[in-house]
Amino acid sequence: MERFSLDLAVSSRPASLSLSAGLPGRRYLSVVAIVACWQIGSALGLIPMRTLAAPSIILSTAWDLLMHGDLVGNLLVSLARAATGFAMGAAIGGGLALVAGLSRIGEDVVDAPMQMLRTLPFLALVPLLILWFGIGETPKIVLVAFGAAFPVYLNLFAGIRGVDTKLLEAGRVFGLSRRALLAHVVLPGAMPGLLTGMRFALGIAWLSLVVGEQINASSGIGFMINDARDFLRTDIIVVGLLVYALLGLGSDALIRGFERRAFAWRPSLMGR
Amino acid sequence: MGAQPPLAAGAVRLRNVTRRFGERRVLDGLSLDLAPGSFTALLGRSGSGKTTLLRTLAHLDPAPPDAVVVTPAPTAVVFQEPRLLPWKRVWQNVALGLGGDDARDRAGAALQEVGLGQHLNAWPLTLSGGEAQRAALARALVREPKLLLLDEPFAALDALTRLRMQAMVAELWRTHAPTTLIVTHDVDEALLLADRVLVLADGRITADIVTGLARPRRHADPHFIVLRQRLLAELGVDFEPATGVIA
């Protein structure tokens, strides 16, 4: 609940601030100014090409890569890695959360190891993953899955345990079986937790992908960036970074869109 | 326990119900019979064990080991809060747990009866407090309960809505005649609705009054006023008859 009202508060801010009333794009003025300074600095030779390419060059490189290069191919490879890893991680994290959330025994067995593993900076697993799985696709996907599993686990577990006991009681009074309680009360009640977990997990999935793609990749956005480094092509590197950013934004928007559908029953969202 | 006379269908029997929370006895060897189709109000100050008694009747708390708790089925409860599932539409909430192909029609009919025919497809969070509580009432009625338990169902409503809801409950009780127990701390509400009023204090029933008031009830009825004073006194409220002001 809290998170949604926060979102609303943030999105309604520009409209309610009288300062910005005349100029809706005011918030982005400073961004435009920075890019302009960057462009001018590059043109004057203050920012050498080998340090950072000019915005105009980055744009034309992006267009080139898109039309003639292998940006799309690399993008698809990265997307597939992220999607596979995310799906595996979400399934494992979600499954363990159901086990731990729905039974005391499950909690005893699952929660302690999960809480311990959670404190591990999982990116430090890379050397171990390389030893176990070599340098192919597997370690990259496993790293993404490992990173994505924990936020899903933690938030779904909390979501299940946070289901309103008063609603559970009402369900029991009206004769719902344990299975029906699960389907009609517990799982829908835990949905907000699950989706919060998925959003966190997506962010972490992209982060793990960036790290994973540094492992001797021969395709993918990470490969494209590493390859460009060898040729001092800062323009291609920045294009790769932008693609990463767009992927993150896009997947977040996807989950938000899904949330809007799934939570049509929330009045705060119905008005939007 | 001894031999008990056989129980009529729809009747409620409690014997020797004791519940402790820590040192405190919330219910202390309580016994109670409710006649089939009767309307009883249970009055008590907060913390007197009213809700604990209702939860025992609803089998939300397990019956104490050496107690007798006999209730007719089905039993339906209207809680102080509507307790509607926010992710199900109003009719789905009413139809919750109903079997059969006609569940939707039955839910629709029940909602019609409480005046919510226009809101079948609404989301619960868009309803006002009174509407949500009426939906909760429909959810209870649609099960055609033999025992209807009302746990301070109007406490959270504004005064005008409360009056309308009380009239509605009286009417629904007249039509469907379930054995009904309303838990309340409002003496007027008890006298307006019920034919028998119990006062619960320290885990025991300290007063058991058959009101004998004619329906529809009138606040100005002299007998109503006498009963009101008596019940307030039972509840330990000092009453000043000359001014009508509670001191």
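According to the square roots a ≥ b ≥ c of the eigenvalues of the Cα gyration tensor, what is the shape class of chain A, taking rounded for a/c under 1.5, prolate for a/b larger than b/c otherwise, and oblate for the remainder?
oblate
Where in the range A:209-234 does the label zone of A:D64 land, with the point 7 angstrom along Cα→C-beta and an amide N cut-off under 20 Å?
Counting backbone N atoms under 20 Å from the label point, the list is A:220-234.
Just how large is the dipole of the range A:129-272 about the Cα centre, in debye to the nearest 20, putting +1 at every Lys and Arg Cβ and -1 at every Asp and Glu Cβ?
On the way: 14 positive and 9 negative charges, 168 e Å.
It comes to approximately 800 debye.
If you take the charge dipole of chain A about its Cα centre, with +1 on Lys and Arg Cβ and -1 on Asp and Glu Cβ, which of A:A54, A:S251, A:A124 is farthest toward its positive end?
Value computed over the given set: A:S251.
Provide the FRET efficiency to the nearest 0.05 for the B:A214-B:A156 pair, computing r from the beta carbons and using R0 = 30 Å.
Given R0 = 30 Å and the Cβ-Cβ separation, E is 0.50.
Quick one: order B:M168, A:M49, A:M116 by neighbouring beta-carbon count within 10 Å, fewest to most.
A:M116, A:M49, B:M168
Report the one residue of A:L102, B:I225, A:L182 whose Cα lies farthest in the direction of the positive end of the charge dipole of the protein assembly as shown (charges on C-beta: Lys and Arg +1, Asp and Glu -1; origin at the Cα centre).
Value: B:I225.
Would you mind classifying the range B:18-70 by shape? Square roots of the alpha carbon gyration tensor eigenvalues, ordered a ≥ b ≥ c; an a/c under 1.5 is rounded, otherwise it is prolate if a/b is larger than b/c and oblate if not.
In terms of gyration-tensor shape, oblate.
Can you give the helix-only mean residue ellipticity at 222 nm for the protein assembly as shown, where every DSSP H stretch with n ≥ 4 adds -39500 (n - 2.57) and the sum goes over all residues, rounded to the nearest 500 deg cm²/dmol? Show your work: numbers first, answer last.
Values: 21 runs with 279 residues, N = 519.
It lands at -17000 deg cm²/dmol.
Treat every Asp and Glu Cβ in chain A as -1 and every Lys and Arg Cβ as +1, leave all other atoms uncharged, and give the resulting dipole magnitude about the Cα centre to the nearest 20 debye.
840
Using a cut-off of 30 Å between alpha-carbon atoms, which lysines can reach B:K50, once sequence neighbours fewer than 8 places away in the same chain are excluded?
In chain and number order, the partners are A:K166, B:K146.
So what's the net charge close to B:D33: Lys and Arg +1, Asp and Glu -1, counting the other residues with Cβ under 11 Å from its Cβ?
+2
Sorted from fewest to most neighbouring beta carbons within 10 Å, what does the list B:D101, A:D111 look like?
B:D101, A:D111
Where the centre of each part is set by its Cα atoms, how far does the range B:84-104 sit from the range A:197-211, in angstrom?
Going from one Cα centre to the other spans 38 Å.
Is the range B:152-215 best put as rounded, prolate or oblate by its Cα gyration tensor, with a ≥ b ≥ c the root eigenvalues, rounded for a/c under 1.5, and otherwise prolate when a/b is larger than b/c, oblate when not?
Note, shape of the range B:152-215 comes out oblate.
For A:K140, give me every one of the lysines with a C-alpha distance below 30 angstrom, ignoring sequence neighbours fewer than eight places off in its own chain.
none
Can you compute the charge dipole magnitude of the protein assembly as shown about its Cα centre, using +1 on each Lys and Arg Cβ and -1 on each Asp and Glu Cβ, nothing else charged? Give it in debye, rounded to the nearest 20.
It comes to approximately 300 debye.
Give the order of A:T119, A:T234, A:T138, A:T84 when sorted by the count of other beta carbons within 10 angstrom, beginning with the fewest. If you can, show how the numbers build up before the last one.
Working: A:T119 8, A:T234 21, A:T138 13, A:T84 16.
Starting with the residue having the fewest Cβ neighbours, the order is A:T119, A:T138, A:T84, A:T234.
Between A:T119 and A:L79, what FRET efficiency comes out of the Förster formula 1/(1 + (r/R0)^6) with R0 = 51 Å and r the beta carbon distance, rounded to 0.05?
0.95
Considering only DSSP beta bridges whose two residues both sit in the range B:114-247, what percent are antiparallel, to the nearest 5?
60
With the dipole of the range B:81-144 worked out from charges on the C-beta (+1 for Lys and Arg, -1 for Asp and Glu) around the Cα centre, which of B:L84, B:A107, B:H119 lies farthest toward the positive end?
Looking along the dipole axis, the top candidate is B:L84.
Antiparallel DSSP bridges in the protein assembly as shown: what percent, to the nearest 5?
Of all bridge pairs located within the protein assembly as shown, approximately 50 percent are antiparallel.
Which chymotrypsin sites (Phe, Trp or Tyr not before Pro) does the range A:208-272 hold that lie in a coil by DSSP with at most 14 other beta carbons within 10 Å? Intermediate values should be presented prior to the final figure.
Details: sites: A:F223, A:F231, A:Y244, A:F258, A:F263, A:W265; in loops: A:F231, A:F263, A:W265.
Within the range A:208-272, the qualifying chymotrypsin sites (Phe, Trp or Tyr not before Pro) (loop, at most 14 other Cβ atoms within 10 Å) are A:F231.
Values quoted throughout were computed directly from the atomic coordinates according to the rules given, and no laboratory measurement underlies them. Note that this is a predicted model, so its numbers are computed, not measured. Cβ coordinates were reconstructed from backbone atoms using ideal geometry, including for glycine residues, and neighbour counts include every protein chain displayed.
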